[in-house]
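Here is the structure we will look at.
The values are calculated or read from the model by the stated rules, or taken from the named source; none is laboratory data. The structure displayed is predicted, hence computed values, not measured ones. Cβ atoms come from the backbone with ideal geometry, glycine included; neighbour counts cover every protein chain shown.
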């Protein structure tokens, strides 16, 4: 049988096998040592988990809880071998991490021979310094998560769950993985200074990119914190502020090393301290004074009041309490520590200041590293050609646009003139850009107060031309409606019609989502749970016990449910704005008032189905399930996500089922014939499976339990259309143009 792999692939695999064999042969005599290190890491982790770690993590979880909440918080094992398998898995991972450094060390000769090891010797002190810095940052990040973030977060989660009638009964696997992975995220976040500095120094990502995009970094940090931390503002600020400060420190280190590299200057800490000894000494005195004022003038009391208001049990103790030191000695130690910390920050500033002001322009040893955005109009005109040679049209337009936003039209005109001049010299200009006169100075002056409007139009034209290049190449020659180019043009036309209204669409979606989440968060979840539990048959003792196996399981459900309601609410808005474009491109038929018919019919079906489900179907199904379990003498304990999704499926889900036949009739009225809906049942099935995979728990059976009723409703819709259209012979509207393509 012929091989399925081509010759080049087979040769690459053979070379890889030979490399692996040579690598293993080179370290064969040392594999026993590596295995011993691995075994020690595995056994040590296994022993530590049994003797110390579980109790430590439980203590961290309950550190900030009230005694009442801590008493009701439990960690459970769901299967007999769950704990020991979890210990073995963690032990294998830690053992592998322990064994990796000696493995690399023993294989250094083979790695060097294959060009995977630095050929020139690297001073060991530099390697040790980088390793110690990385380990220190990682340790600080993990310590912050374990000792500061987790106690407050778990206290909030457990208290919120109990208020909503949810028992905080965490699965040991989910609970451990949540703590471990979130701790690792803090530890890896602590590596941000090394990562940013390394990328900037190597030139992979310029320092200016990290500096200019700091707003995006701040937004990303807050978004990540909103997704992976409780929704209370105090916890989110505890997540975001340290990472923002760390990003600022990363920018500082990157600026220092990049400036030193570009100017070929050496970092001399001692000389910087001598040059700015007054600032360093003053910062040290200020640090000691801040500490003194904190304890002597009510700072400790104010901080403790703030912590008490935030619900934290942490308090700032008087000097020396808990350390076995008298107050005077402890205050002196604290003052020295703060003075050194302030002096250290001042030293960093001194180093930065000396590097940044060594000589005019020395920070740009490489002309291509010149940051055009930092120059004024005269500086742009006097700058060397290298930055503009490396510049693309999109970059020049972006720089000119930023200058216009900063009310500097002369600078914007100068940037466009310099780029056009370089493009003309290199033969890349197409003659279509009339960014200014051939004389850069006259163009600059023309872009003054009187010509800002024309300059803005020029920037807009260039932006449109640059952004349309890819789209035009994608659809070039694809005007035929039978191929993908024609469909792409139609979809782009429709999306362009929505883009100008995107703010309203996002506002409706975000507003409904925020209202739904706020209602659930402020007691709606507990209200629904109590109302449904009241409908349970009276002979079931104890009601329904609903537990959270994962610390943020209830919050994840609330977010998913809020997104679902936001999508439902935004659908008529999108349909209203997209209808003219849909009609123009032949997707639908009928006037705009059809949107009101669609909205009324779909919402009537949804609300009617919801009322039927909430009033009769959901209580009936839940009551039957609870009674069946009680008759078998079982303890009724449901996982919160499974129970609440059952409620959603049997309430709003009934409304969706009712809407499917209604929507099919509306589509037929809009120009989608019966034959098209009947012939596309495979695509509909795939779409329903994808929808179920996103909006149901991670369970295949549950996904199919949702898919089958939806497909049944689709079948009912086909039956209704068969009757209404007489088997497809009389559609409610003529087929839309898109159907014939």
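Go over the candidates 72, 87, 78 one by one and state the one that is buried (at least 18 other Cβ atoms within 10 Å of the Cβ) and in contact (Cβ under 8 Å) with a residue 12 or more places away in the chain. Before you say what the answer is, go through the steps one by one.
Working: 72 fails: buried (at least 18 other Cβ atoms within 10 Å of the Cβ); 78 fails: buried (at least 18 other Cβ atoms within 10 Å of the Cβ).
Going through 72, 87, 78 in turn, the sole match is 87.
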For this session: Take the residues in segment 293-315 that are outside any helix (DSSP H, G or I) and closer than 21 Å to residue 159 by Cβ, then tell me which one is modelled with the highest pLDDT.
Result: 315
Exercise. Say we look at segment 636-673 and pick out the residues that are outside any helix (DSSP H, G or I) and modelled with pLDDT under 85; which of these is nearest to the chain's Cα centre (by Cα)?
Worked result: 639
Problem set entry | Matching residues in segment 168-207 - criterion: being outside any helix (DSSP H, G or I) and closer than 30 Å to residue 86 by Cα | 168, 169, 170, 171, 190, 191
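Right, residue 339: more than 35 Å from the chain's Cα centre (by Cα), in a helix (DSSP H, G or I) and either modelled with pLDDT of 75 or more or buried (at least 16 other Cβ atoms within 10 Å of the Cβ) (or both) or not? Before the answer, list the steps.
Values: more than 35 Å from the chain's Cα centre (by Cα): yes; in a helix (DSSP H, G or I): yes; either modelled with pLDDT of 75 or more or buried (at least 16 other Cβ atoms within 10 Å of the Cβ) (or both): yes.
Against the criterion (more than 35 Å from the chain's Cα centre (by Cα), in a helix (DSSP H, G or I) and either modelled with pLDDT of 75 or more or buried (at least 16 other Cβ atoms within 10 Å of the Cβ) (or both)), residue 339 qualifies.
Condition first: farther than 30 Å from residue 257 by Cβ, modelled with pLDDT under 85 and surrounded by 13 or more Cβ atoms within 10 Å (Cβ to Cβ). Can you find one or more residues in segment 116-139 that meet it? Spell out the reasoning first.
As a first pass, look at segment 116-139 and keep what is farther than 30 Å from residue 257 by Cβ: none.
No - not one qualifying residue is present in segment 116-139.
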For this session: Report yes if residue 189 is surrounded by fewer than 19 Cβ atoms within 10 Å (Cβ to Cβ), in contact with a helix residue (DSSP H, G or I) (Cβ under 9 Å, 6 or more places away or on another chain) and in contact (Cβ under 8 Å) with a residue 12 or more places away in the chain, otherwise no.
Result: no
Exercise. Only one of (1) modelled with pLDDT of 80 or more; (2) under 19 Å from residue 153 (Cβ atoms) fails for residue 249. Which number is that?
Worked result: (2)
For this session: From (1) farther than 22 Å from residue 345 by Cα; (2) at pLDDT below 80, pick out the condition that doesn't hold for residue 217.
Result: (2)
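Condition check ((1) under 30 Å from residue 639 (Cα atoms); (2) at pLDDT below 85; (3) over 34 Å from the mean Cα position of the chain (by Cα); (4) buried (at least 18 other Cβ atoms within 10 Å of the Cβ)) across all residues:
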site	(1), (2), (3), (4)
556	yes, yes, no, no
562	yes, no, no, yes
570	no, no, no, yes
584	no, yes, yes, no
599	no, no, no, no
610	yes, no, no, yes
For this session: State which residue pairs qualify: first residue in the same structural domain as residue 640 (by TED's automatic domain parsing) and closer than 10 Å to residue 165 by Cβ and inside segment 528-539, second residue surrounded by fewer than 18 Cβ atoms within 10 Å (Cβ to Cβ) and modelled with pLDDT of 60 or more in any location, beta carbons under 9 Å apart, and separation of 6 or more residues or different chains.
Result: 533/543
Exercise. Could you list, in sequence order, the residues of segment 622-635 that are in contact (Cβ under 8 Å) with a residue 12 or more places away in the chain and more than 41 Å from the chain's Cα centre (by Cα)?
Worked result: 627, 630
For this session: Sort through 670, 630 and tell me the only one that's out of contact with any helix residue (DSSP H, G or I) (no Cβ under 8 Å at 6 or more places or on another chain), farther than 21 Å from residue 611 by Cβ and buried (at least 17 other Cβ atoms within 10 Å of the Cβ).
Result: 630
